[in-house]
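Structure record follows, encoded as structure tokens.
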Amino acid sequence: MLIYLRQNALRIMSNGELAHISPKVVVLWVGTHNHGHTAEQICGGIMAIVQLTKDKLPKAYALIILVLPRGKMPNPLRERNAQVNKLVQEAVSSLPHASLLNVDPGFVHSDSSISHQDLYDYLHLTPQGYQAVCQPLHAHLKGLLEKQAENRKERGIPSQLYN
């Protein structure tokens, strides 16, 4: 598994970072730091990363974590992140080698606020926030890997070829 959390993921991935690895799943979590860009530009960047991942690692499955909300209360950047997520959902829906994971539920409270206990500066996760993200991520990855193993077994592919 390979996880990217960086704004400059395209540059890093293009410069040999993916050479000599063969992960089963690549987790992509990018987009929130692109605050000077439109939702369409951010979605385009995310989809470029998904395509580069497919080009460089054709056997890997791409799991895209949707962009978290930001700001203590509703604001234009939070709205933009929601629009990014909508655009990415539409773009990824037809890709057989990729899916989405929404780790947002619970961060925005009924009064539309976000707690500093989850996002200490209303953008970056606290340890509690990471726990809230990593539990569903772990469960989702475990399910993906189990499904891949089951599919290989059904096709009669020896497991040692994919370890």
query = How many residues does the stretch 1-29 contain that are outside any helix (DSSP H, G or I) and either at pLDDT below 80 or surrounded by fewer than 15 Cβ atoms within 10 Å (Cβ to Cβ) (or both)?
reply = 12
Selected residue (only one of Thr32, Thr53 is under 15 Å from the mean Cα position of the chain (by Cα), surrounded by 16 or more Cβ atoms within 10 Å (Cβ to Cβ) and under 14 Å from Gln83 (Cβ atoms)) = Thr32
task = Kindly list the number of the only condition in (1) out of contact with any Gly (no Cβ under 8 Å at 6 or more places or on another chain); (2) surrounded by 13 or more Cβ atoms within 10 Å (Cβ to Cβ); (3) without any contact (Cβ under 8 Å) to a residue 24 or more places away in the chain that fails for Pro136.
result = (3)
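One line per residue, one yes/no per condition, for (1) assigned to a loop (DSSP other than H, G, I, E, B); (2) under 18 Å from Asp118 (Cα atoms):
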{"site": "His33", "(1), (2)": "yes, yes"}
{"site": "Gly45", "(1), (2)": "no, no"}
{"site": "Gln51", "(1), (2)": "no, no"}
{"site": "Lys54", "(1), (2)": "no, no"}
{"site": "Lys59", "(1), (2)": "yes, no"}
{"site": "Leu63", "(1), (2)": "no, no"}
{"site": "Pro69", "(1), (2)": "yes, yes"}
{"site": "Met73", "(1), (2)": "yes, yes"}
{"site": "Leu77", "(1), (2)": "no, yes"}
ask   = If we keep just the residues of the stretch 107-161 that are touching an Asp or Glu at 6+ places or on another chain (Cβ under 8 Å) and assigned to a helix (DSSP H, G or I), which is farthest from Val67 (Cα to Cα)?
value = Gln128
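The values are calculated or read from the model by the stated rules, or taken from the named source; none is laboratory data. The structure displayed is predicted, hence computed values, not measured ones. Here Cβ is always computed from backbone atoms with ideal geometry, including for glycine, and neighbour counts include all displayed protein chains.
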